[in-house]
1. Taking the stretch 264-280 as the region of interest, how many residues are in contact with a Lys or Arg (Cβ under 8 Å, 6 or more places away or on another chain) and either within 16 Å of Tyr224 (Cβ to Cβ) or of a type in the set (S, T, N, Q) (or both)?
2. Collect the residues in the stretch 38-58 that are open to solvent by 30 Å² or more (accessible area, probe 1.4 Å), in contact with a Pro (Cβ under 9 Å, 6 or more places away or on another chain) and part of a loop (DSSP other than H, G, I, E, B), keeping them in residue-number order.
3. Looking at (1) within 16 Å of the ligand (Cβ to nearest atom); (2) assigned to a loop (DSSP other than H, G, I, E, B), find the lone condition where Cys151 falls short.
4. Taking into account only those residues within the stretch 226-266 that are within 26 Å of Arg353 (Cβ to Cβ) and aliphatic (A, V, I, L, M), which is surrounded by the fewest Cβ atoms within 10 Å (Cβ to Cβ)?
5. Among the candidates Glu200, Glu212, Glu178, which residue alone is within 12 Å of the ligand (Cβ to nearest atom), among the acidic types (Asp, Glu) and farther than 24 Å from Arg352 by Cα?
6. Quick one: what pairs do we get from the stretch 220-236, first residue under 14 Å from Lys203 (Cβ atoms) and within 9 Å of the ligand (Cβ to nearest atom), second part of a strand (DSSP E or B) and of a type in the set (D, E, K, R), C-beta under 9 Å, 6+ apart or different chains?
7. Being surrounded by fewer than 16 Cβ atoms within 10 Å (Cβ to Cβ), hydroxyl-bearing (Ser, Thr, Tyr), more than 16 Å from the ligand (Cβ to nearest atom) and within 30 Å of Ser381 (Cβ to Cβ) narrows it down to one residue among Tyr128, Tyr121, Tyr100; which is it?
Amino acid sequence: MEKMRKYEEIIMSIEKRVEQGLLDSGSKLPSIRTLSEELSCSKNTVIKAYEEMEKNHLIYSVPKSGYYVVEGNPFRKKRNSKVDKIDFLSAGPDPKSMPYLDFKHCINQAIEKYKEDMFIYSDIQGLYSLRLELARHLQDLQVFSVPERICVVTGSQQALHLLISLPFPNRKKNICVEQPTHPSMIESLKFQNVNTIGIEINKEGIDFKQLEDIFKHQDIKLFYTVSRFQNPTGYSYSNTEKKKLVELAQKYDVYIIEDDYMGDLDPNLKQDPMFAFDPSGRIIYTKSFSKVLFPGLRLGLAVLPEALIPLFLQAKFAADVHTPVLTQGALEIFLKSGMYDAHIKKMRDMYRRKGMLIQKAFREHLPTSVSYSKMVSGFYSTLELPRPLKAKQVIERLKEENLFVDDVGKMFLPEYQKDNMLRLSVSHVEEDLIDIGVRKLADVIRSLL
Ligand SMILES: Cc1ncc(COP(=O)(O)O)c(C=O)c1O
């Protein structure tokens with residue numbers, strides 16, 4: 001379980017005092033020394049908490065006197081402000097935290113820099129200069145590869161869609177996916193009419209014995225897995241589990257698509273992708289720029305085994321010739337300038353905090369009969385409702401409260417359907433509304449039980 005940082009605890013403790021009426025507009029906050037003694041932490045930690053609140057215009061400082069709550073008590077305003085809508089449904093990144101102006105600047109530069117490339121058809125695999133930059137960027141995620149093995153794709157969805165239908169060197173036919181899983185992958189599988197076998201994933205992960213059995217007996221060409229912050233469960237495999245998956249892939253000659261769409265958001269830098277444990281070249285690594293940048297850019301990448309590259313490029317050519325040069329160029333400039341790294345650091349902090357807040361709210365408010373997934377970052381968590389409650393029924397009631405969540409139903413293959421699961425995404429919900437939203441949700445569930 002991700003622990004709340006000490007300075008964040010201090011901010012919460014001050015908020016609580018305001019809530020309990022112990023502090024009001026203009027009230028003086030405890031001195032740095034008093035609070036550091038009271039909460040058994042260093043003075044520097046208290047200073048960091050106070051500076052953070054000052055930055056957010058909740059308190060102000062008077063030299064040689066101390067810190068005071070801002071007039072009009074913004075803490076209380078923040079809590080009592082009428083909440084119009086709480087949106088745990090939207091799955092895109094938080095628009096308010098997007099580097100729109102920085103990226104606009106990169107697009108303008110890219111138009112100039114790549115105008116020659118825009119007058120002609122470009123490389124099917126993607127601009128070489130971008131792939132070089134992507135290879136550098138992937139090293140931060142412990143993915144060591146070369147530009148020759150990286151394919152730029154029009155959203156990582158394109159890589160998934162194309163790989164489903166390609167013949168693989170293992171000459172096998174069937175695909176195995178976690179259940180539930182990423183709904184666009186389900187759509188692709190249904191659309192291409194592929195024989196697909198599911199394996200249940202829940203808050204404890206998957207049953208490895210069952211997976212081994214599937215690999216052994218079911219002619220599996222490919223296992224599609226989301227290794228971190230799984231959509232929709234939020235589950236992340238441990239390094240030991242990832243090694244085990246790689247071993248099974250080797251033992252039974254199965255390829256794995258490791259969809260690391262939100263790898264950038266992992267606060268635990270010791271977590272490696274499966275790709276890092278794979279000596280046999282059976283892991284296909286995909287990454288998306290839709291969750292930390294703009295989904296509208298349609299930019300993603302796949303790191304492919306050499307044997308698959310010629311056929312993959314043929315399929316990519318047939319699909320869209322190549323990914324637009326302008327957005328590729330802009331991404332390259334954005335990565336090179338260091339803006340991406342700076343942006344990611346902010347995103348990582350924000351989603352770690354949001355993960356912590358929603359887990360805390362789940363623990364404090366949900367009835368014990370509701371099971372919830374544990375996530376430390378990323379967007380998603382799921383709730384499993386006690387029978388006979390159905391997701392649809394709860395979703396309809398929540399709409400009346402202006403609270404929106406998603407039904408996990410569409411994230412299952414037809415044979416594995418469950419109708420009692422909800423997906424919550426924190427990306428569009430302000431931090432101070434997470435607790436309010438979960439409390440409302442818990443009240444609705446209780447009222448229907
Ligand atoms: C598991 C998973 N992979 C990938 C993506 C992103 O796909 P794309 O890069 O095509 O936008 C998503 C988006 O929701 C997702 O949930």
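1. Count: 3.
2. Asn56, His57
3. Every condition holds for Cys151 apart from (2).
4. Leu265
5. None of the other options fit; the residue is Glu178.
6. These pairs meet every condition: Gln230/Glu178; Gln230/Asp259; Pro232/Asp406; Pro232/Arg423.
7. Exactly one residue qualifies, and that residue is Tyr100.
This table checks each residue for (1) out of contact with any Leu (no Cβ under 7 Å at 6 or more places or on another chain); (2) not assigned by TED's automatic domain parsing to the domain that holds Ser184.
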residue: Ala110; (1), (2): no, yes
residue: Tyr121; (1), (2): yes, no
residue: Leu132; (1), (2): yes, no
residue: Ala135; (1), (2): yes, no
residue: Leu141; (1), (2): yes, no
residue: Glu148; (1), (2): yes, no
residue: Cys151; (1), (2): no, no
residue: Thr154; (1), (2): yes, no
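The values are calculated or read from the model by the stated rules, or taken from the named source; none is laboratory data. This structure is a prediction, so every number in the text was calculated from the model and none was measured. Positions of Cβ are generated from backbone atoms using ideal geometry, with glycine treated the same way; all protein chains shown enter the neighbour counts. All accessible areas refer to the heavy atoms of the entire protein, side chains included, with ligands and DNA or RNA removed. Shrake-Rupley method; radii C 1.70, N 1.55, O 1.52, S 1.80 Å.
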